[in-house]
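**Student:** A single structure is presented below for examination.
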Amino acid sequence: MNDPSASVVTTTAGRPSEGRVRQLLGLFGAPDACAAELLCDRHPADAVAFTVVETDLSTTDLTYGELRRDSARFAAALADLGVGPGDAVATLMGKSADLVVALLGIWRRGAVHVPLFTAFAPSAVALRLGASGAKAVVVDADQRGKLAPGEDMPADQPWLTVVAGGGAPEGTELSFGELLFRYSGDEPQGRPVATGADAPLVLLFTSGTTGAPKGVPVPVRALASFQAYLEFGLDVREDDVFWNAADPGWAYGLYYAILGPLAAGRRSLLLHAGFSPALTWQVMKAFGVTNFAAAPTVYRSLRAAPDPVPDGLRLRRASSAGEPLTPEVVAWSEQALGVAVRDHYGQTEHGMVVAAAWADAVRMPVPPGSMGRPLPGWSAEVLYASGTNPPRPAPSAGWPSACPTVRCCGSPGTRTRRRRPPGVSPPTAAGTSRATPAPGTTAAVSSSPPVMTT
């Protein structure tokens with residue numbers, strides 16, 4: 001990437017939003033930044049953070065006051081179990097009230113969260129627990145079989161196991177519910193730890209599609225970028241019924257279904273169930289979802305399912321990320337959902353960078369096949385193996401120049417770069433179509449590994 005013969009073409013998001021970028025950097029980049037304060041305690045106690053939806057459409061509202069109390073209970077329990085600031089604590093859990101309480105308890109303690117996707121095999125779980133040096137893992141009762149000693153899981157496990165979801169503990173396991181019951185939430189050891197903006201908040205491992213999974217330390221200051229994406233990319237407003245259906249075991253779900261809404265204080269839906277087209281339509285209809293985000297797989301499944309699209313949907317925004325979005329899905333969404341789904345691009349290492357953004361300040365027409373332009377605070381560069389370097393624009397206020405939001409395993413920067421050898425066209429992946437984007441925009445043609453055209 002440092003080839004001196006490479007030329008650089010840079011596109012930068014417009015400047016009208018720089019003031020907001022600087023404001024968010026100031027809030028989340030403070031030397032005394034405290035994750036529990038930023039994600040929970042500063043919000044009104046009676047405001048609803050999440051509405052957890054069950055398969056029968058019954059709901060539980062989680063207020064910030066309740067989350068403050070219960071996460072303080074869990075933070076006190078972690079302290080008494082020997083977990084200190086900077087220690088890693090993993091979760092192998094579905095989307096639930098217990099998950100949110102566990103996460104906020106981990107961050108209140110100043111510890112580092114290690115997400116484990118519930119579809120992982122034991123080998124993938126063991127790799128991440130071992131590589132992170134996790135001191136504890138909180139696991140749903142229906143997932144703890146993956147932690148059983150075996151070919152992939154050590155018999156002498158160095159981590160504590162805490163069972164959530166109502167399951168009774170076995171052997172040396174601890175009960176999540178019983179731990180909470182032991183504490184009031186007023187204990188000194190449950191008080192929030194201010195780690196500072198550069199301390200790690202999350203250690204999220206990549207999928208491993210281009211090599212062994214790598215742990216990505218995500219600092220507290222990255223919350224600035226996560227909230228900015230909610231505001232600029234997704235256009236989540238105070239009166240929205242927002243639902244990001246992505247799984248929090250991966251970046252898009254963790255960053256933008258959990259962390260982003262908590263940082264922004266925006267109420268959000270969490271579906272405590274696996275995906276099905278029928279249930280997705282029911283939730284959209286019953287709760288009047290106005291702002292929806294999901295992977296292209298979800299949209300394709302909705303399009304292919306025999307379940308009819310319900311009347312009376314209230315969607316005003318629909319967004320997608322994770323892999324290329326096909327023109328057929330876009331056309332279907334405009335007709336069936338009443339709004340054309342917009343494609344967005346990001347990676348585990350830095351979150352969302354390029355988007356066909358929805359906010360009024362940055363929204364523009366989207367050419368077919370385009371992911372849009374760099375979001376405020378980001379720049380995107382394409383490196384060529386030869387050519388004359390064009391003048392580079394002065395850096396605007398933002399994550400790449402003002403703060404390296406996320407560093408992956410020693411990577412020194414945050415700019416997204418792809419180099420194309422001379423005379424080599426970008427490949428087209430099976431099942432995707434090549435798009436020629438409009439000037440200044442970006443299109444994806446493959447997701448594994450990512451290949452883009454500009």
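The values are calculated or read from the model by the stated rules, or taken from the named source; none is laboratory data. Being a predicted model, the structure only gives us computed values, none of them experimental. FYI the Cβ positions are ideal-geometry reconstructions off the backbone, even for glycines, and counts take in every protein chain you see. Heavy atoms of the whole protein, side chains included, go into the accessibility calculation; ligands, DNA and RNA do not. Shrake-Rupley method; radii C 1.70, N 1.55, O 1.52, S 1.80 Å.
**Student:** Is it true that some residue in segment 123-145 is under 27 Å from Ala273 (Cα atoms) and without any contact (Cβ under 8 Å) to a residue 12 or more places away in the chain?
**Tutor:** yes
**Student:** Right, another one. In the list Leu315, Leu302, Leu325, which residue meets the criterion of being of a type outside the set (Gly, Ala, Ser), outside any strand (DSSP E or B), touching a Phe, Trp or Tyr at 6+ places or on another chain (Cβ under 9 Å) and under 30 Å from Pro213 (Cα atoms)?
**Tutor:** Of Leu315, Leu302, Leu325, the one residue that is of a type outside the set (Gly, Ala, Ser), outside any strand (DSSP E or B), touching a Phe, Trp or Tyr at 6+ places or on another chain (Cβ under 9 Å) and under 30 Å from Pro213 (Cα atoms) is Leu325.
**Student:** Out of all the residues in segment 338-356, which are closer than 30 Å to Asp307 by Cβ, open to solvent by 10 Å² or more (accessible area, probe 1.4 Å) and in a loop (DSSP other than H, G, I, E, B)?
**Tutor:** Answer for segment 338-356, where residues must be closer than 30 Å to Asp307 by Cβ, open to solvent by 10 Å² or more (accessible area, probe 1.4 Å) and in a loop (DSSP other than H, G, I, E, B): Gly338, Val339, Ala340.
**Student:** Please determine whether any residue of segment 30-51 is in a strand (DSSP E or B), at pLDDT 95 or above, crowded, with 22+ Cβ neighbours inside 10 Å and in contact with a strand residue (DSSP E or B) (Cβ under 8 Å, 6 or more places away or on another chain).
**Tutor:** yes
**Student:** Also, I was wondering about something else. So Gln189 fits all but one of (1) open to solvent by 50 Å² or more (accessible area, probe 1.4 Å); (2) of a type outside the set (A, V, I, L, M); (3) in a loop (DSSP other than H, G, I, E, B); what number is the exception?
**Tutor:** Only one criterion is unmet by Gln189, namely (3).
**Student:** Hey, Ser123 hits all of (1) in a helix (DSSP H, G or I); (2) touching a His at 6+ places or on another chain (Cβ under 9 Å) but one; which does it fall short on?
**Tutor:** (2)
**Student:** Please go through segment 195-244 and pick out each residue that is in a loop (DSSP other than H, G, I, E, B), open to solvent by 10 Å² or more (accessible area, probe 1.4 Å) and within 17 Å of His113 (Cβ to Cβ).
**Tutor:** Thr195, Asp198, Ala199, Thr206, Pro213, Lys214 - these are the residues of segment 195-244 that are in a loop (DSSP other than H, G, I, E, B), open to solvent by 10 Å² or more (accessible area, probe 1.4 Å) and within 17 Å of His113 (Cβ to Cβ).
**Student:** Separate question: Condition check: outside any loop (DSSP other than H, G, I, E, B), surrounded by fewer than 22 Cβ atoms within 10 Å (Cβ to Cβ) and hydrophobic (A, V, I, L, M, F, W, C). Does Ala131 satisfy that?
**Tutor:** yes
**Student:** Restricting to segment 59-109, count the residues that are assigned to a helix (DSSP H, G or I), out of contact with any Gly (no Cβ under 9 Å at 6 or more places or on another chain), within 16 Å of Gly190 (Cβ to Cβ) and touching a residue at least 24 places away in the same chain (Cβ under 8 Å).
**Tutor:** So the answer is 8.
**Student:** For segment 268-313, what are the residues that are surrounded by fewer than 17 Cβ atoms within 10 Å (Cβ to Cβ) and in contact with a Gly (Cβ under 7 Å, 6 or more places away or on another chain)?
**Tutor:** Lys285
**Student:** Among the numbered criteria (1) crowded, with 20+ Cβ neighbours inside 10 Å; (2) acidic (Asp, Glu); (3) at pLDDT below 95, which single criterion is violated by Asp70?
**Tutor:** All conditions are met except number (3).
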